[in-house]
Amino acid sequence: MTDPDAASGADAAALLWGAPGAVVKRGPKPRFTLEAVVDAARQIADEDGLSHVTMQSVADRLGAAKMALYRYVPGRAELDAVMLDTAFGNPDGLDAGSWREALSAWTLALYHRALQHPWVVELAGRPHTPGPAEIGWYEAGLEALSSLPLAEADKLDALALLSGHALSMAHRAADAQNTEELLAVRLHPHLTANAHRFPRTAAAFAASSSGDRGHALQFGIDRIIDGLAAHA
């Protein structure tokens, strides 16, 4: 039997990378393009969230029949893959002096790119076929790490660790109902009343209540990079 996941992955790879040796099909000019379909899906995700993106909702946005979309994309999994890759875009403007500066800039750029489209975090966390844009980020990250005497597998793991931190922080920043500020406000009276039970946590929250909430992002980047330097 054919593995449906493998088939879906092959379809996504063909959409993202182009089918090798593909022959242009003759026939009527398509009404839409793959780019138009993906743009419509991204608009819905930006406005209403990823859960509202369906083949039907995309068709409605385009003013087309649902079945007409399958001429451009085989299904939702493939649509997700192209949405993710186009949202990642190219890792521009990452030139920096040292490898530490370049790697920090790489992570911050990924964080800000994810903030533009918070649904990227969810899609990136699912099993998916990486496209040219996502691979471009890895290429740029590996370039930043090229001077370090690390195994290539370790370099990939380092980028996975940094990207995971960036995407996690982007997810927290995009969750307006659970920002650190709001959590501190909600917990303050409870931690104060229970300081005898949680003295260290109460003191830590009190000490950080007036600090820079963006500190956690850069703190994590710096500590990961410190670890890489020590390992190398």
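Pairs of C-alpha atoms in region 83-153 farther apart than 17 Å represent 45 percent of all such pairs.
Across every direction, the projection of the convex hull enclosing the Cα atoms of region 57-100 has a mean area of 4.8 nm². log10 I(q)/I(0), Debye, Cα-only region 36-136, no solvent, q = 0.18, 0.24 Å⁻¹? Each listed q corresponds, in turn, to -0.84, -1.27. In region 89-130, the alpha-carbon atoms span a convex hull of 82 Å³ per residue.
We did not get these values from a lab; they are worked out from the coordinates using the rules stated. This structure is a prediction, so every number in the text was calculated from the model and none was measured.
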